[in-house]
1. Take Ile8 and decide whether it is within 16 Å of His148 (Cα to Cα) and of a type in the set (A, V, I, L, M, F, W, C).
2. For the subset of the stretch 83-104 comprising residues that are in contact (Cβ under 8 Å) with a residue 24 or more places away in the chain and either surrounded by fewer than 16 Cβ atoms within 10 Å (Cβ to Cβ) or assigned to a helix (DSSP H, G or I) (or both), which member is farthest from the chain's Cα centre (by Cα)?
3. How many residues, within the stretch 41-51, are surrounded by 12 or more Cβ atoms within 10 Å (Cβ to Cβ) and within 23 Å of Glu62 (Cβ to Cβ)?
4. Mind listing whichever residues of the stretch 69-82 are surrounded by 12 or more Cβ atoms within 10 Å (Cβ to Cβ) and part of a helix (DSSP H, G or I)?
5. Which residues, taken from the stretch 1-30, are of a type in the set (D, E, K, R), crowded, with 17+ Cβ neighbours inside 10 Å and not in a helix (DSSP H, G or I)?
6. Only one of these is more than 20 Å from Leu109 (Cβ to Cβ), in a helix (DSSP H, G or I) and touching a residue at least 24 places away in the same chain (Cβ under 8 Å): Glu64, Glu34. Name it.
7. Spot the failing condition for Ala56; the list is (1) more than 22 Å from Thr150 (Cα to Cα); (2) surrounded by 14 or more Cβ atoms within 10 Å (Cβ to Cβ); (3) among the small types (Gly, Ala, Ser), and only one is missed.
Amino acid sequence: MTNKKNDIFAYIFHLWAFEDYLRAFPQHAESKQELHELNEMMHREGVVEAGHVQLAQIALREMEELHNEQLQTNAIYRAAIIRLQPSLNLFKAKTDRPTMSDVEACLTLVYQTFLLRMQKREITPETAAVEEQAKKILELLSIIYHDHQTAV
């Protein structure tokens, strides 16, 4: 699995993907040690059918804290979020969780677009453009997170 310290965005993304994989194919939970451990966590934490394990939730909170810090201190980051905000708000309004954070919305948008591609479903040019903006935000946060982790 991806190392959280090196790429927190990929870390969360992979956790979500493995959770969905185990939901779709529970019989494969014993095929690899990391799947077995995640499957046990999902059962212990009551997220077998929906939701995310604490590891993913904690990493998401760390990204949200960093996001809030960057909004206050990083003009380039703030400008990128402002440009993305109308599209994020529209995306959130179409979900069952319209009050989710901007970071979670970016992650969810990128993840759902990934799933659509896996299903070979059409993605509009508008959605692809918003996805690219969201990826840039997440990649920037991931780089900043990595820099903070290596500085500590």
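Laboratory data are not the source of any read-out in this text; all were calculated from the coordinates shown. Quantities reported herein were computed from a predicted structural model and do not represent experimental measurements. As a convention, Cβ positions derive from the backbone with ideal geometry for all residues, glycine included, and neighbour counts pool all protein chains shown.
1. Yes; evaluated as a whole, the condition is true for this residue.
2. Arg83
3. Residues in the stretch 41-51 being surrounded by 12 or more Cβ atoms within 10 Å (Cβ to Cβ) and within 23 Å of Glu62 (Cβ to Cβ): 5 in total.
4. Glu69, Gln70, Leu71, Tyr77, Arg78, Ala80, Ile81
5. If the condition is that a residue be of a type in the set (D, E, K, R), crowded, with 17+ Cβ neighbours inside 10 Å and not in a helix (DSSP H, G or I), then Lys4, Asp7 are the ones that fit.
6. When all the criteria are applied, what remains is Glu34.
7. Result: Ala56 fails condition (1) only.
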